[in-house]
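Written below as structure tokens is the structure these notes are about.
The values are calculated or read from the model by the stated rules, or taken from the named source; none is laboratory data. Source: prediction; values computed, not measured. Because the Cβ atoms are built from the backbone with ideal geometry, glycine has one as well, and the counts that use them run over all protein chains shown. Accessible surface areas use protein heavy atoms only, side chains included; no ligands, DNA or RNA. Shrake-Rupley method; radii C 1.70, N 1.55, O 1.52, S 1.80 Å.
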Amino acid sequence: MPPALFANVLAVCRYADVVLLNKRDLVTPEELAVAEAGVRQLAGADVVVHSCKFCAVPLNWVLDVDPAPTGPQLVSHEATRAAYALPGSGGKLRSADNVEAARVGETAGHLDADQFSSIVLESSKPLLLSRFQDLLGAECMRNVYRAKGNAFFAELPHHRYMFHWSGRQRFELSSEGTVGAASVQLVILGRDLPEAELRQRLDECLADHPSAMVPSQLADIRQRAESLVQSDIRFDVVHREDLPGVIIFRLTGYREFSISLTEAVTMHGINMDRMNREFAEAVNCSSGSALVASTIGQDGITALCHPLGGTVSLDAIWPTVLKEAEKIIALFYHHVRGCKCGW
């Protein structure tokens with residue numbers, strides 16, 4: 001680690017009251033124990049260290065609030081808006097020493113000191129989803145630590161998407177609906193970035209770039225992709241002839257339990273839209289260039305789409321899709337029995 005970057009990490013640990021080690025699911029228990037011990041050594045014995053994944057932590061881990069008391073004649077989270085209460089002591093996480101240390105230790109220009117650089121793309125032209133997916137798995141993105149912004153894609157006109165990239169090629173691409181003018185605003189942050197190559201690849205993602213043309217012969221690719229989706233009873237193909245550049249499909253899962261779609265929704269309370277949003281997030285956060293974008297169909301349902309014109313085919317990411325689908329089905333259908341007789 002460069003000395004300037006280590007100095008910044010050391011300062012963050014020493015000025016902190018609570019340190020969260022995110023992405024614990026990407027390391028072994030032994031590696032996590034080593035990391036936690038290292039942080040405690042840098043931060044000191046008084047600093048609280050928690051590990052988490054997807055930054056999912058209880059509120060009282062990071063704010064000076066206590067879990068609201070429950071029991072007879074006490075407040076319940078089911079009857080109140082908040083499940084936390086302000087402590088009578090005024091808070092115990094934030095120490096006066098660390099407040100002063102953080103104030104004294106504030107420095108400007110830490111991005112330059114840590115040798116970070118950034119690349120910005122702003123355009124009134126939409127991106128090609130197929131080219132964008134190819135970029136996400138490219139070697140030039142290896143040293144990207146953070147990226148975010150909003151985008152429109154030529155294959156999905158009128159849909160605005162929010163894009164987030166964090167750490168080891170974990171990204172999220174979520175639909176914001178049909179809002180706003182077609183524009184692209186992206187920023188990429190990292191160290192030792194091949195800036196010239198990245199700018200060229202971003203430019204090639206624009207729909208009006210000469211080399212970024214959607215293939216006109218997509219019939220065979222679409223047929224293979226649809227056959228792949230239809231080969232698994234947990235999925236349904238959503239036919240959209242007006243969107244030739246993508247295949248749209250939906251995780252439903254009801255056939256696996258010998259029930260109908262209506263029974264899954266009305267009798268068992270399966271929220272198909274929520275299930276598909278979480279499914280898209282799981283696939284996109286699985287690492288690599290596996291990408292499915294959540295989108296809203298003509299009838300208002302949430303489905304998933306995959307670009308057909310890129311170098312990464314649906315066949316290539318299908319093992320990842322199946323792996324995450326199994327987890328999501330188990331989560332949403334855990335209360336549904338496989339037989340209506342109750343066994």
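For segment 251-272, does any single residue satisfy the condition of being within 13 Å of His306 (Cα to Cα) and buried (at least 18 other Cβ atoms within 10 Å of the Cβ)? Spell out the reasoning first.
Here is the first cut: in segment 251-272, the residues within 13 Å of His306 (Cα to Cα) are none.
Checking segment 251-272: not a single residue is within 13 Å of His306 (Cα to Cα) and buried (at least 18 other Cβ atoms within 10 Å of the Cβ).
Give segment 124-143 a look and list any residue that's open to solvent by 20 Å² or more (accessible area, probe 1.4 Å) and of a type in the set (S, T, N, Q), or say none. Quick ask: steps written out before the conclusion?
Step one: filter segment 124-143 for residues open to solvent by 20 Å² or more (accessible area, probe 1.4 Å), giving 124-126, 131, 134, 137, 139, 142-143.
If the condition is that a residue be open to solvent by 20 Å² or more (accessible area, probe 1.4 Å) and of a type in the set (S, T, N, Q), then Ser124, Asn143 are the ones that fit.
When segment 189-218 is examined, which residues are found to be open to solvent by 70 Å² or more (accessible area, probe 1.4 Å) and either at pLDDT below 80 or closer than 15 Å to Glu155 by Cβ (or both)?
Asp208, Pro210, Met213, Ser216, Gln217
If you take the residues of segment 144-168 that are in contact with an Asp or Glu (Cβ under 8 Å, 6 or more places away or on another chain) and open to solvent by 60 Å² or more (accessible area, probe 1.4 Å), which of them is farthest from Asn284 (Cα to Cα)?
Filtering segment 144-168 for residues that are in contact with an Asp or Glu (Cβ under 8 Å, 6 or more places away or on another chain) and open to solvent by 60 Å² or more (accessible area, probe 1.4 Å), the one farthest from Asn284 (Cα to Cα) comes out as Arg160.
Being modelled with pLDDT under 85 and in contact with a Phe, Trp or Tyr (Cβ under 8 Å, 6 or more places away or on another chain), is that true of even one residue in segment 262-285?
Looking for residues that are modelled with pLDDT under 85 and in contact with a Phe, Trp or Tyr (Cβ under 8 Å, 6 or more places away or on another chain), one finds at least one in segment 262-285, hence yes.
With the structure loaded, tell me whether Phe171 is within 12 Å of Leu186 (Cα to Cα) and either of a type in the set (A, V, I, L, M, F, W, C) or part of a loop (DSSP other than H, G, I, E, B) (or both) or whether it fails that test.
Against the criterion (within 12 Å of Leu186 (Cα to Cα) and either of a type in the set (A, V, I, L, M, F, W, C) or part of a loop (DSSP other than H, G, I, E, B) (or both)), Phe171 does not qualify.
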